[in-house]
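Take a look at the structure below.
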Amino acid sequence: MAVTKAQTRPSLDQMVELGQQLRVDAVRCSAAAGSGHPTSSMSAADLMAVLLARYLRYDVTDPDDPYNDHLVFSKGHASPLLYAMLRAAGAISTEELMTYRRLGSRLEGHPTPRLPWVDVATGSLGQGLPLSVGMALTGAQLDRLPYRTWVLCGDSELAEGSMWEAFEHAGVAGLDHLTAIVDVNRLGQRGPTRHQWDLDAYARRMAAFGWRVIEVDGHDIADIDRAFAQAVSTSGRPQVILARTRKGQGVAGVEDQEGLHGKPLSDPDEAVRQLGGVRDMTVPVQTPDRAGTPHRFPSGPLTLPTYQVGEKEATRTAFGRALAALGDARGDVVVLDGEVADSTRTEFFAGTHPDRFFECYIAEQQMVAAAVGMQARGWAPFAATFAAFWTRAFDFVRMAAISRANLRLCGSHAGVSIGQDGPSQMGLEDLAVFRAVHGSTVLYPCDANQTAALVAAMADQAGISYLRTTRGGTPVIYPPGERFPIGGSRTLRHSTGDRVTILAAGVTVHQAIAAADRLAADGIPARVIDAYSVKPIDADAVRTAARETGHLVTVEDHWPEGGLGDAVLDVFADGGEPSPRVRKLAVREMPASATPDEQLRAAGIDADAIADAARALIGGTGPA
């Protein structure tokens, strides 16, 4: 049955047929791939048929149209359903549909922005709704456009805490252009879900967070249509359509059966026959609502804060003031906080640009997800919290890289140098965590002017960039206005007779300078390199130092695994030239409460420890 271009509101019967087409196509492409999740797609097919035919407002010929609605598959494993929808909308061909999961295909096992109609990558459950909250916030408070964000969720992922961070945030924010559709098909990967078909168990929680809850039979097209109509007519609060469905709907041998998750159907031809055969409907998607114009905030010249050499200032404070200055210069910059703005110093941006500051409270996963949603609409988000707390949100950062997202993240209160707060507050693994992210940039400034310059550089950096800041004040050693390119370093002590090179970053740069002065008093010339760009490391400077001095000491306020020391050692991993003797100084014992100076001394990363390590390395004593 074909739908002509003139039929902008398909009938109920036509939507029934469309739902069957989506099921058939999910079965067919999974069978061709020999893998996939057809039964998870079949349960939500009727829901998506009504959405596609009557309520989604989207120009499939222009995925970048700022007025388009946004559709996120939080249950990303149901990708066959999404690709079937794209075929029904005329966005992809039957031939491309059948390339599902093949090498080189845009139709990956879980959706990614390799497809222009996909805003964000999904597949790690519990992320789609938080990402959608970010998009809905963008529409309401940044773009100020009437587009709606739709998100298809699974019932299994409602066990994830990140989903409830999102439900609460959206409810408090009153995001009435956000509609979640929950496919309650009762079955998870290994068996029944916690609440199975107890829709009331879900509804009570969602209503408590301020959502309008609409319960439906997920296979009754008329009921679904009424639910969507109620959702779009709701003002002042987000809506959730709780749909009771059956996994594998429409095929007798698989419907509501355990043990079939993530498996193609054993007899796809018989399944297609039961579903009524192959169809080739093309549905004209509703045109976007073009009311209003995309909002833009004013921009101006960039005037970074400056500090005089010899002053003392915390790099976290320089970060906050530089961020506020960047907000003056660029209207696309937005900032998200995890209820620590007074510590990370994002409070300076909040004071000057309150319309672009988003308080996410102690919900780091939602904070990252919101930032990813905002950058998907072209905004330039910075997000900040304590370095230690980024580990809570690491899966969201990992998935952001798969989304090809451009994020700028800051971790303050890093390392033992924070002092008396103790190890629960000390980020000691953050450099390793962010170095491990695909395509990431990791920066660790040592003074205020360097920090300001790097904040400005981050604004245009592609991918995930991370800036590590220090709690206490550190001496300003660089004059205002100097440039610090990403991937560079600074040599702070140098002579033709250098016998050892000390490589440091952040707080340990100042200890390295003091150590070099002590070594010089003993007649040992030592080179000092400020390796502020931990990733990408300045490999040329490292190799040159190795050739000219033969001995390297790395020192970092971080665990020994995965940080600056390993970044330096990686330079020599290709075996292209002889490796130097290297000693890694890092935090090796679990710290406790003490003053910052006591912490550095106890960890063996203060000036005395650095000088001792250099002497031992030159003398050939002790392990390297």
- Task: Quick one: residue 90 ticks every box in (1) crowded, with 20+ Cβ neighbours inside 10 Å; (2) assigned to a loop (DSSP other than H, G, I, E, B) except a single one, so which number is it?
- Result: (1)
- Query: Say we look at segment 543-557 and pick out the residues that are surrounded by 24 or more Cβ atoms within 10 Å (Cβ to Cβ) and among the hydrophobic types (A, V, I, L, M, F, W, C); which of these is farthest from residue 572 (Cα to Cα)?
  - Reply: 555
- Message: For segment 271-298, give me each residue that is loosely packed, with under 14 Cβ neighbours inside 10 Å and not in a loop (DSSP other than H, G, I, E, B).
- Response: 273
- Within segment 473-505, the residues that are touching a residue at least 60 places away in the same chain (Cβ under 8 Å), in a loop (DSSP other than H, G, I, E, B) and crowded, with 16+ Cβ neighbours inside 10 Å are 476, 477, 478, 499, 505
- Query: residue 297 versus (1) touching a His at 6+ places or on another chain (Cβ under 9 Å); (2) assigned by TED's automatic domain parsing to the domain that holds residue 452; (3) of a type in the set (Phe, Trp, Tyr): which is the lone unmet condition?
  - Reply: (2)
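Which residue, of 79, 74, 30, 43, is of a type in the set (Ser, Thr, Tyr) and in contact with a Lys or Arg (Cβ under 7 Å, 6 or more places away or on another chain)?
43
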- The residue that is modelled with the lowest pLDDT, considering only those in segment 422-451 that are over 19 Å from residue 508 (Cβ atoms) and assigned to a loop (DSSP other than H, G, I, E, B), is 422
- Task: Tell me which of these residue 460 doesn't satisfy, since it passes every other one: (1) within 29 Å of the chain's Cα centre (by Cα); (2) outside the structural domain of residue 394 (by TED's automatic domain parsing).
- Result: (2)
- Task: Could you look through segment 211-264, keep only residues that are closer than 21 Å to residue 69 by Cα, charged (D, E, K, R) and in contact with a strand residue (DSSP E or B) (Cβ under 7 Å, 6 or more places away or on another chain), and pick out the one that is surrounded by the most Cβ atoms within 10 Å (Cβ to Cβ)?
- Result: 212
- Task: Say whether the condition of being hydrophobic (A, V, I, L, M, F, W, C), assigned by TED's automatic domain parsing to the domain that holds residue 370 and not in a strand (DSSP E or B) is met by at least one residue in segment 407-418.
- Result: yes
- Message: Out of 111, 116, I need the residue that is buried (at least 24 other Cβ atoms within 10 Å of the Cβ), without any contact (Cβ under 8 Å) to a residue 60 or more places away in the chain, not in a helix (DSSP H, G or I) and not basic (Lys, Arg). Which one?
- Response: 111
- Might you check whether a residue that is touching a strand residue (DSSP E or B) at 6+ places or on another chain (Cβ under 9 Å), under 30 Å from residue 296 (Cα atoms) and in a helix (DSSP H, G or I) occurs anywhere in segment 123-130? yes
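Going by what's in this entry, would residue 567 be described as buried (at least 16 other Cβ atoms within 10 Å of the Cβ), more than 36 Å from the chain's Cα centre (by Cα), under 21 Å from residue 500 (Cα atoms) and not acidic (Asp, Glu)?
On the way: buried (at least 16 other Cβ atoms within 10 Å of the Cβ): yes; more than 36 Å from the chain's Cα centre (by Cα): no; under 21 Å from residue 500 (Cα atoms): yes; not acidic (Asp, Glu): yes.
So residue 567 does not fit the description; no.
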- Conditions (1) buried (at least 18 other Cβ atoms within 10 Å of the Cβ); (2) more than 20 Å from the chain's Cα centre (by Cα) -> residue 421 fails only (1)
- Among the residues of segment 41-69, write down those that are in a loop (DSSP other than H, G, I, E, B), among the charged types (D, E, K, R) and touching a Leu at 6+ places or on another chain (Cβ under 9 Å). 69
- Return the residue satisfying two criteria in turn: it lies in segment 326-357 and is small (Gly, Ala, Ser) and in contact with a Phe, Trp or Tyr (Cβ under 9 Å, 6 or more places away or on another chain), and of such residues it is nearest to residue 472 (Cα to Cα). 343
- Query: Got a number for residues in segment 25-40 being assigned to a helix (DSSP H, G or I) and surrounded by fewer than 24 Cβ atoms within 10 Å (Cβ to Cβ)?
  - Reply: 3
- Can you spot a residue in segment 506-518 that is farther than 21 Å from residue 312 by Cα and either modelled with pLDDT under 95 or surrounded by fewer than 24 Cβ atoms within 10 Å (Cβ to Cβ) (or both)? yes
- Being closer than 14 Å to residue 444 by Cβ and either aliphatic (A, V, I, L, M) or in contact with a Cys (Cβ under 8 Å, 6 or more places away or on another chain) (or both) is the filter here, so list the residues in segment 533-583 that pass it. 534, 537, 555, 564, 567, 568
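Restricting attention to segment 261-282, does a residue exist that is under 30 Å from residue 356 (Cα atoms), among the hydrophobic types (A, V, I, L, M, F, W, C) and in contact with a helix residue (DSSP H, G or I) (Cβ under 9 Å, 6 or more places away or on another chain)?
First, pick out the residues of segment 261-282 that are under 30 Å from residue 356 (Cα atoms): none.
No, segment 261-282 contains no residue that is under 30 Å from residue 356 (Cα atoms), among the hydrophobic types (A, V, I, L, M, F, W, C) and in contact with a helix residue (DSSP H, G or I) (Cβ under 9 Å, 6 or more places away or on another chain).
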- Query: Considering only segment 321-347, how many residues are hydroxyl-bearing (Ser, Thr, Tyr) and outside any helix (DSSP H, G or I)?
  - Reply: 1
- Message: For segment 124-139, check the following and say yes or no: at least one residue is small (Gly, Ala, Ser), surrounded by fewer than 24 Cβ atoms within 10 Å (Cβ to Cβ) and more than 23 Å from residue 86 (Cβ to Cβ).
- Response: no
- Query: Does residue 344 satisfy being surrounded by fewer than 22 Cβ atoms within 10 Å (Cβ to Cβ) and either touching a residue at least 12 places away in the same chain (Cβ under 8 Å) or charged (D, E, K, R) (or both)?
  - Reply: no
- Query: If you check every pair at least six apart or on different chains, which have Cβ atoms under 6 Å apart with a residue in segment 311-323 that is under 10 Å from residue 449 (Cβ atoms) first and a residue that is hydrophobic (A, V, I, L, M, F, W, C) and not in a helix (DSSP H, G or I) second?
  - Reply: 311/476; 322/304
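The values are calculated or read from the model by the stated rules, or taken from the named source; none is laboratory data. Predicted model, so just to flag it, every value in this text is computed and none were measured. Cβ: placed from backbone, ideal geometry, glycine included. Neighbour counts: every protein chain shown.
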